[in-house]
C-alpha cells in the first residue's frame, strides 16, 4: 500500500508541475550506494511558493530501492557557476522513509549534456549526503543520475 501511495504522489507532483507550467520539471534515473546497491527515480521542479533572485529552489521527490523500498522528499537550492555554462551546484535537506522515518542532508551537482535532436535536454548529475534516522545511527549515500528536463 505504501508503495502505491508514493507512486501516486510522484505522478501527481510531476503532473501538477507540468500542468502549472514554468516549473521546469525534470525526471532522472538514479543509481548508487546507500548501505548497498541503490537505484530509483527522482522528480524535481521549481518551487511554486518562492524563488530566490539567483539560482533555483527545487523540491525533489526520490523513490527507490536500497535493501528495501524507500522514498524521500528534499528541498534543495541549485545555482550556476559564473562562466561555466550548464553546470549547477547546490544542496539541501529533507525527510525520508525506509522502514522508519529519517532526516537527510545532500549536496548536488548537475551538468546539461550538449545532445541535440532530442525533444528535451538531458543532464547528468550526482548527489551525496548523509541520512540520519531519528533513532539509531545514520549512513552516507552517493548516487549518479541521468535525466531529462521538460
Only Cα pairs under 8 Å and at least 6 apart count here; give the relative contact order of the chain as a rounded whole percent. 20
Find the Rg to Rh ratio for the range 47-90, where Rh is the Kirkwood radius over alpha-carbon pairs and Rg uses the same atoms. 1.12
Using just the helices of the chain, give the 222 nm mean residue ellipticity in deg cm²/dmol: DSSP H runs with n ≥ 4 each add -39,500 (n - 2.57), and the total is spread over all residues, rounded to 500. -4500 deg cm²/dmol
For the range 17-92, just the Cα set please: Rg and Dmax, both in angstrom. 14.0, 42
Taking the range 100-150, how much of its Cα-Cα pair set, in percent, is spaced more than 16 angstrom apart? 54
Expected output is a single nm value to one decimal: the length gained when fully extending between residue 47 and residue 87, i.e. 0.36 nm times separation in residues minus the C-alpha distance. What is it? 12.4 nm
Based on alpha-carbon positions alone, could you give the equivalent ellipsoid semi-axes of the chain from the gyration tensor, as √(5λ), descending, whole Å? 25, 17, 15
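Computed from the coordinates by the stated procedures, all read-outs in this text should not be read as laboratory data. Owing to the predicted nature of the structure, the values given are computational and were not obtained by experimental measurement.
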